[in-house]
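Below is one structure, written out as structure tokens, with a few remarks after it.
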Amino acid sequence: MPQKGYEVMKYVVILGDGMADEPVEELNGETPLEAAVTPMMDKIAAMSEIGLASMIPEGMKPGSDTANLAVLGYNPEKYYTGRSPLEALSIGVPMEDTDIAIRCNIVTVSDDDLPYEEKTIIDHSSGEISTAEAAELIKAIKDEFEDEEYQFYAGISYRHLTIWKNGYVAELTPPHDILGKVIGDYLPGCDRLRYFMKRSYEVLNNHPVNIARAEKGLNKANSIWFWGAGTKPALDSFEGRYHKKGAMISAVDLLKGIAVGTDMVNIDVKGADGTLETNYEGKAQACTDALLKDGFDFVYVHLEAPDEMGHQGSIERKIKAIQYLDERIIKPVFETLSSSGEAFRMLVLPDHPTPIRVRTHTANPVPYMLYDSADVKHVNIHYCEKDAEKTGKYFKEGYRLMEYFLR
């Protein structure tokens with residue numbers, strides 16, 4: 001039975017990570033969201049509330065960690081303790097209060113004769129390396145470096161984890177913020193972490209996995225990169241807060257970790273891998289099954305691909321990711337829920353922009369689209385950054401949007 005004072009309603013958030021952008025000259029001044037062919041979003045927008053929300057509190061760094069906490073209704077200024085501790089929850093790594101969790105990316109740095117400090121970072125994701133390949137490389141890193149103070153854990157694709165016993169929250173630079181730059185000025189101040197990164201190039205560059213990748217014309221995954229240090233998180237229950245039984249559908253450890261921390265259920269989808277070729281149809285099916293068959297009130301569907309394409313600086317592939325989201329997730333979810341007879345609300349939005357121009361995250365407000373089957377609008381509007389700004393609807397404290405959505 002629903003909680004007293006709450007109507008019977010199904011809720012779905014469909015989040016295109018990094019989907020928002022800036023006007024792009026090659027697109028005649030349109031953003032990728034404007035330029036993409038999105039007939040389903042256009043249809044829903046004409047029946048929805050459109051507005052803007054700032055998910056990054058002033059003074060905080062723009063990231064998927066802070067932003068997705070805000071989208072779920074958790075004020076990052078209160079709840080954020082670092083990105084990596086949330087990923088530790090997903091991987092199932094127990095943390096002590098004195099532990100520091102650190103993201104350990106496998107990245108591509110230039111394969112040349114220059115000293116490590118003079119190399120350039122080419123790719124923060126090592127060409128979206130497969131999880132199986134990455135597991136072999138992380139094993140080599142574990143064999144070389146692991147001791148009682150530092151432990152290494154394999155994650156998904158290029159995203160992995162280090163636990164530093166009795167460490168401290170070191171200032172570390174995200175690799176996607178310095179693509180194309182010489183790395184020397186961005187290496188850790190901590191001598192041990194710096195040594196691990198420098199030595200990792202010697203361990204990984206000629207590893208059999210990377211020799212095989214080079215022969216195929218793929219980027220080598222030839223260095224580890226530390227960033228996102230933080231302490232053990234303390235989140236409270238989503239269901240306790242909102243009286244909704246919630247589920248998370250994502251391929252990314254960060255989102256899965258947020259779900260674990262907020263007592264939501266993680267629904268794993270075979271073939272969901274955080275890339276442009278992820279299993280869109282599987283995610284859509286899992287979403288509607290959770291809402292219509294499995295008793296969930298709220299489902300959060302996270303798509304990583306637009307963010308990855310923004311980091312790659314690929315206009316064409318970012319537009320493709322948005323079009324896939326429209327056709328292969330939003331359309332089947334909307335149509336299935338509409339035909340079910342259940343009342344539902346759908347919220348479509350990014351967590352933050354990842355503009356093609358800068359190839360990293362910014363803190364600008366993001367456009368949201370809120371559809372309510374019990375309160376259908378009739379407006380002449382499109383879902384994009386420009387039209388969202390014109391409506392005048394704005395959540396300066398973006399974390400309050402979730403409470404408004406679930407009102």
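Observations
- Single residue of Ser223, Ser237, Ser200 found to be crowded, with 18+ Cβ neighbours inside 10 Å, out of contact with any Phe, Trp or Tyr (no Cβ under 6 Å at 6 or more places or on another chain) and at pLDDT 95 or above: Ser200
- Candidates in the range 39-76 are the residues that are among the polar types (S, T, N, Q) and crowded, with 24+ Cβ neighbours inside 10 Å; of these, the one that is nearest to Ser373 (Cα to Cα) is Ser48.
- Matching option when the condition is modelled with pLDDT of 95 or more, buried (at least 21 other Cβ atoms within 10 Å of the Cβ) and in contact with a Phe, Trp or Tyr (Cβ under 7 Å, 6 or more places away or on another chain), among Ala290, Ala259: Ala290
- Pairs with Cβ under 7 Å, 6+ apart, first in the range 328-344 and touching a residue at least 40 places away in the same chain (Cβ under 8 Å), second among the small types (Gly, Ala, Ser): Arg328/Ala284; Ile329/Ala284; Pro332/Ala284; Val333/Ala284; Ala343/Ser373; Ala343/Ala374; Phe344/Ser373
- Scanning the range 98-127 for residues that are crowded, with 19+ Cβ neighbours inside 10 Å and touching a helix residue (DSSP H, G or I) at 6+ places or on another chain (Cβ under 7 Å) returns Ala101, Ile102, Arg103, Asn105, Ile106, Val107, Val109, Ile121, His124, Ser125.
- Every condition in (1) more than 19 Å from the chain's Cα centre (by Cα); (2) under 30 Å from Ile178 (Cβ atoms); (3) outside any loop (DSSP other than H, G, I, E, B); (4) not basic (Lys, Arg) is met by Asn219 except one, and the failing one is (3).
- Residue that is farthest from Val348 (Cα to Cα) [pool: residues in the range 372-407 that are of a type in the set (D, E, K, R) and in a helix (DSSP H, G or I)]: Lys390
- Conditions (1) free of Cβ contacts under 8 Å to residues at least 24 places away in the same chain; (2) loosely packed, with under 14 Cβ neighbours inside 10 Å; number of the one not met by Val379: (1)
- One residue alone among Ser340, Ser314 is surrounded by fewer than 18 Cβ atoms within 10 Å (Cβ to Cβ), touching a helix residue (DSSP H, G or I) at 6+ places or on another chain (Cβ under 8 Å) and of a type in the set (S, T, N, Q), and that residue is Ser340.
- Meets criteria (at pLDDT 95 or above and touching an Asp or Glu at 6+ places or on another chain (Cβ under 7 Å)) for Glu215: no
- Complete set of residues in the range 95-128 that are in contact (Cβ under 8 Å) with a residue 12 or more places away in the chain, over 15 Å from Ile178 (Cα atoms) and not small (Gly, Ala, Ser): Met95, Glu96, Asp97, Thr98, Asp99, Ile100, Ile102, Arg103, Cys104, Asp111, Tyr116, Glu128
- Glu136 in a helix (DSSP H, G or I), touching a Leu at 6+ places or on another chain (Cβ under 6 Å) and not hydroxyl-bearing (Ser, Thr, Tyr): no
- Scanning the range 262-285 for residues that are surrounded by fewer than 22 Cβ atoms within 10 Å (Cβ to Cβ) and among the small types (Gly, Ala, Ser) gives Gly271, Gly282.
- Only one of the listed residues (Met95, Met1) is surrounded by fewer than 22 Cβ atoms within 10 Å (Cβ to Cβ), at pLDDT below 95, hydrophobic (A, V, I, L, M, F, W, C) and closer than 29 Å to Gln151 by Cα. That residue is Met95.
The values are calculated or read from the model by the stated rules, or taken from the named source; none is laboratory data. On a predicted model such as this, the values are computed, not experimentally measured, just so you know. Every residue, glycine among them, receives a Cβ derived from its backbone with ideal geometry; neighbour counts consider all protein chains shown.
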